[in-house]
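Throughout, read-outs are computed from the coordinates displayed, never taken from laboratory work. In this text, all values refer to a predicted model and were calculated from it rather than measured experimentally. Positions of Cβ are backbone-derived with ideal geometry, glycine not excepted, and every protein chain shown enters the neighbour counts.
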């Protein structure tokens, strides 16, 4: 899309910045939606809207329209992430020994989407190029949207047993637990280092995910090599749920967030230091094995330190901070990449943000439950 539509790196980054602005809005309103409709309905409805918005991407090439699409897609994505995370946390409360694994499985499930897109996107582009369509990338978006609609239908078919299961877990919650004003009960100054570490994760990780494929192309990687890179990254995401389950179960403070941010910083530094293909694969595998476990680590922190009635609000507060970080990251990295030093210098900024996030998260102490 960047080549076809003549985007600068700054404009390409702005697409994900607008997505993050929408994500911030979604994180702010999701607690009210959860209170009104319940986590299962919000999860399935958000997935349906995300699939529709993905399909619409292929019908437009005008920058303002695509920016609007990214904004709306971010809002519904936040609803999916928060509602699904809440369901995973509730289930984990009833299976304490498996809590870290369950959170990792939920967030690590994104790896299936990454693996699928690694095969689906090149195939769609190849077919579109053979037919000489004006915007071949549109067919990739339509293929991804079809896959998302299919998975949403699977969730819809399972909605009744999921709702019955969620109702059985409801006694751990209390009436009014999902109101947004519950966030005040977190006494957020006690969480300042954890929130700062997570916000810097949002700043740092999104730069890598936005531009790593562009960097690989700049380095001369073939389409097949890029597909392998992305597929291996996705497989590493799937493995991450088991790799870090014990870490998430063991600590109540910011240690997991700190360790994972530091590893992400190392993975992001590798492309800055070398363009050797084996080391790029190491970077992708290390990054994939860590980045969504960072999200799981904050959900685990909320579950370890807050009473169940505050979980939805706690997850939403972390999601808001995460979204703010995502707003800053892509445009900043794109702006740096458009100057001297290119994408390597932009990723150096990302690595520095992640390392600072690791230092701050290490200062986060456990919070005594009231």
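Relative to the longest principal axis of the Cα atoms of the chain, the long axis of helix 291-305 makes an angle of roughly 10 degrees.
Classify region 37-144 as rounded, prolate or oblate, taking a ≥ b ≥ c as the square roots of the eigenvalues of its Cα gyration tensor: rounded when a/c is under 1.5, otherwise prolate if a/b is larger than b/c and oblate if not. Oblate, because a/c is 1.5 or more while a/b does not exceed b/c.
Legend: calculated FRET efficiency, residue 65 to residue 219, from the Cβ-Cβ distance at R0 = 25 Å, rounded to 0.05, equals 0.20. Each Cα pair under 8 Å and six or more residues apart adds its sequence gap; the mean of these over the residue count of the chain is a relative contact order of 29 percent.
This ranking places 365, 303 by how few other beta-carbon atoms lie within 10 Å of each, fewest first, which gives 365, 303. Rounded, prolate or oblate: which one fits region 234-284, using the alpha carbon gyration tensor with axes a ≥ b ≥ c (rounded when a/c is under 1.5, else prolate when a/b beats b/c, else oblate)? Because a/c hits 1.5 or more and a/b fails to exceed b/c, region 234-284 counts as oblate.
Here the residues 149, 291, ranked from fewest to most Cβ neighbours within 10 Å of their Cβ, fall in the order 149, 291. Of the options [x] 29, 56, 15, 0; [y] 30, 60, 10, 0; [z] 26, 52, 20, 3, 0, only one is P(r) over Cα pairs in 20 Å bins from 0, in percent as computed from these coordinates, and that is [y]. Between the Cα long axis of helix 63-94 and the first principal axis of the chain there is an angle of about 40°, rounded to the nearest 10.
In plain terms, the residue of 299, 17, 331 with the fewest other Cβ atoms within 10 Å comes first and the most crowded comes last, giving 331, 17, 299. If you run the Gaussian network model on the chain, springs between alpha carbon atoms under 10 Å, then out of 16, 35, 129 the most flexible one is 129. Taking each residue as 0.36 nm, the span from residue 150 to residue 162 lengthens on full extension beyond its C-alpha to C-alpha distance by 2.5 nm. Just need log10 I(q)/I(0) for region 246-345 at q = 0.14, 0.15, 0.18 Å⁻¹, Debye formula, equal scatterers on the alpha-carbon atoms, no solvent, rounded to two decimals. Here log10 of I(q) over I(0) equals -0.67, -0.75, -0.95.
A straight chain from residue 1 to residue 190 at 0.36 nm per residue would run longer than the Cα-Cα distance by 63.7 nm. Against the chain, whose longest principal axis comes from its Cα atoms, helix 9-37 is set at around 30 degrees.
Helical runs assigned H by DSSP (4 residues or longer) give the chain a calculated mean residue ellipticity at 222 nm of -27000 deg cm²/dmol, each run adding -39500 (n - 2.57) before division by the residue total.
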